[in-house]
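The values are calculated or read from the model by the stated rules, or taken from the named source; none is laboratory data. These figures come from a predicted structure and were not determined experimentally. Neighbour counts run over all protein chains shown; Cβ positions are idealised from the backbone, glycine included. What goes into the accessible areas is simple: the full protein's heavy atoms, side chains included, and nothing from ligands, DNA or RNA. Shrake-Rupley method; radii C 1.70, N 1.55, O 1.52, S 1.80 Å.
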Amino acid sequence: MTRALVVRSDACLLHVPGAEIWVGVRTPGTEVAERATRIETALRDVGHRVVDADTHDDDVLLRVHDPRLVEHLRTVYARWVAAGFPDDPGQDRVVPYLIPSAGMLDGLPEREPTAVHAAAGRWCYDTMTLVGPGTWEAARGAIDVTLTAVDAVVAGEPLAYALARPPGHHVTRAAYGGSCYLNNAAVAAQALRDAGHDRVAVVDIDAHHGNGTQVVFYDRADVFYGSLHVDPGAGWFPHYAGFADETGRGDAVGTNRNEPLAEGTGDDGWLVALDRIASAVESFGASALVVSLGVDAALDDPESPLRVSHDGYEAAGRRLSAMRVPTVAVQEGGYHLDTLGSLVAATLRGLASS
Ligand SMILES: [Zn+2]
């Protein structure tokens with residue numbers, strides 16, 4: 001069996017969400033560091049080559065994201081501590097209390113709020129994605145992991161897997177949320193473009209729509225985004241994006257493809273949707289592929305109602321490998337600790353099959 005190159009970093013373990021605030025209630029965070037250690041153990045057990053990430057500069061990152069978002073993430077926790085919030089009122093994570101919606105501003109100029117408790121909502125769109133002491137280091141480490149995987153593929157490796165944590169596909173150009181801080185998959189796609197691939201495709205098999213990646217490339221005809229995910233219209237995150245009629249804008253119409261799926265969809269329906277996306281990618285003519293590899297569509301996962309099996313994930317990997325283009329797989333969601341390692345291993349087994 002062909003082995004994948006696996007890229008990892010200790011930095012990715014430094015983010016401790018501490019909590020999520022859902023409908024005002026503080027609940028334990030689910031995007032925990034043990035996710036990454038479980039996956040790494042499973043991949044070492046089946047013999048994949050594992051390497052540590054190299055350090056990269058901010059060049060690609062700053063072309064995907066608004067530099068002010070990046071600067072905010074780099075500094076906001078220190079500002080939060082300096083303002084005394086861990087002691088009074090006793091909040092040890094950066095949590096928004098006011099998120100300036102388009103309707104609130106109604107065309108008024110954007111302003112940078114002075115107070116850190118207001119700045120907390122300037123770049124974040126939900127209350128689930130808290131910033132703590134190691135969050136920046138982990139998110140930035142995930143970018144290094146991703147770019148190291150891209151380097152390997154550009155150097156001739158057919159398949160590299162970025163064990164990126166925290167995940168990234170919910171981050172738009174200028175707003176983070178959904179347990180994501182920086183968009184690893186979007187950075188991978190941009191880096192592959194920069195390396196000379198004229199057309200790059202991102203195929204997102206996470207259970208949730210990657211609204212961030214969609215937005216980053218929505219106006220661009222050079223990057224295709226395709227996603228299969230639980231139907232946001234049935235009441236699932238990200239609620240406002242991921243519908244079938246979102247196909248791209250301007251010159252990019254036709255380069256965005258969403259396949260929303262009914263609750264309870266299992267292998268058959270999921271793989272049929274993947275096949276439609278894969279065919280669209282082949283028509284698009286991508287010369288490199290990024291896979292947003294979320295394994296939360298699995299039967300046992302607590303975060304989605306999809307019911308995909310290990311065999312389903314392996315079959316998805318096989319379908320994508322049939323495109324025979326250099327591939328960077330980037331870890332997204334997956335929250336059932338006892339199975340997520342074997343699910344990632346199954347997908348890589350499929351991806352490495354041709
Ligand atoms: Zn997800």
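Here are some notes:
- Backbone amide hydrogens, once placed in the peptide plane, bring Val131 within less than 5 Å of Val94, excluding anything fewer than 5 places away on its chain.
- Heavy-atom accessible area ranking, 1.4 Å probe, most first, across Trp80, Trp22: Trp22, Trp80
- Rounded Å value of the spacing that divides the Cα centres of segment 74-136 and segment 205-245: 25 Å
- Residues whose amide H falls under 5 Å from that of His229, counting only those 5 or more places apart or on a different chain, are Glu259, Leu261, with hydrogens built in the peptide plane.
- For the chain, built as a Gaussian network whose Cα springs stay under 10 Å, the top-fluctuating residue of Pro67, Pro109, Pro326: Pro109
- According to the Kirkwood relation over distinct C-alpha pairs, the hydrodynamic radius of segment 189-244 is 11.9 Å.
- A simple spin-label model places the labels of Val81 and Ala155 3.5 nm from each other, with each point 7 Å out along Cα-to-Cβ.
- Heavy-atom accessible surface of the chain: percent carbon and sulfur, 1.4 Å: 52 percent
- Bridge type composition, the chain - antiparallel percent by DSSP, nearest 5: 10 percent
- Relative contact order, percent, segment 145-203 [alpha-carbon distance under 8 Å, six or more residues apart]: 29 percent
- The mean accessible area for residues of the chain, using a 1.4 Å probe and ignoring ligands and nucleic acids, is 39 Å² per residue.
- By the compact-protein rule of thumb, 2.2 N^0.38 Å, the alpha-carbon radius of gyration of segment 92-241 corresponds to a ratio of 1.12.
- Pair Ser101, Asp57: separation of 7 Å Cα→Cβ label points (nm): 4.2 nm
- Pairwise FRET efficiency - Asp300 versus Arg276, Cβ, R0 = 25 Å, nearest 0.05: 0.45
- Efficiency of FRET from Cβ geometry, Thr114 and Arg74, R₀ 22 Å, rounded to 0.05: 0.75
- By the helix-only formula, in which each DSSP H run with n ≥ 4 contributes -39500 (n - 2.57) and the sum is divided by residues, the chain has a 222 nm mean residue ellipticity of -10500 deg cm²/dmol.
- Taken over the Cα atoms of the chain, the convex hull encloses 127 Å³ per residue.
- Percent of alpha-carbon pairs separated by more than 16 Å within segment 159-207: 43 percent
- Our summary gives segment 113-177 a relative contact order of 42 percent, counting only alpha carbon pairs under 8 angstrom and 6 or more residues apart.
- GNM flexibility winner over the chain from Arg49, Arg93, Arg319 (Cα, springs under 10 Å): Arg49
- Karplus-derived 3J(HN,Hα), 6.51/-1.76/1.60, for each residue of segment 314-329, Hz, glycine and proline x: 5, 5, 4, x, 5, 4, 6, 5, 5, 5, 6, 10, x, 10, 10, 9
- Electrostatic bookkeeping for Asp10 treats Lys and Arg as +1 and Asp and Glu as -1; over the other residues with beta carbon under 13 Å from its beta carbon, the sum is -1.
- For segment 244-354, diffusion coefficient by Stokes-Einstein and Kirkwood Rh (Cα), 20 °C, 1.002 mPa s, µm²/s: 148 µm²/s
- Contact order normalised by residue count of the chain, Cα under 8 Å, 6+ apart, percent: 19 percent
- Over all other residues within a Cβ to Cβ distance under 15 Å of Arg349, the charged ones net out to +2, with Lys and Arg as +1 and Asp and Glu as -1.
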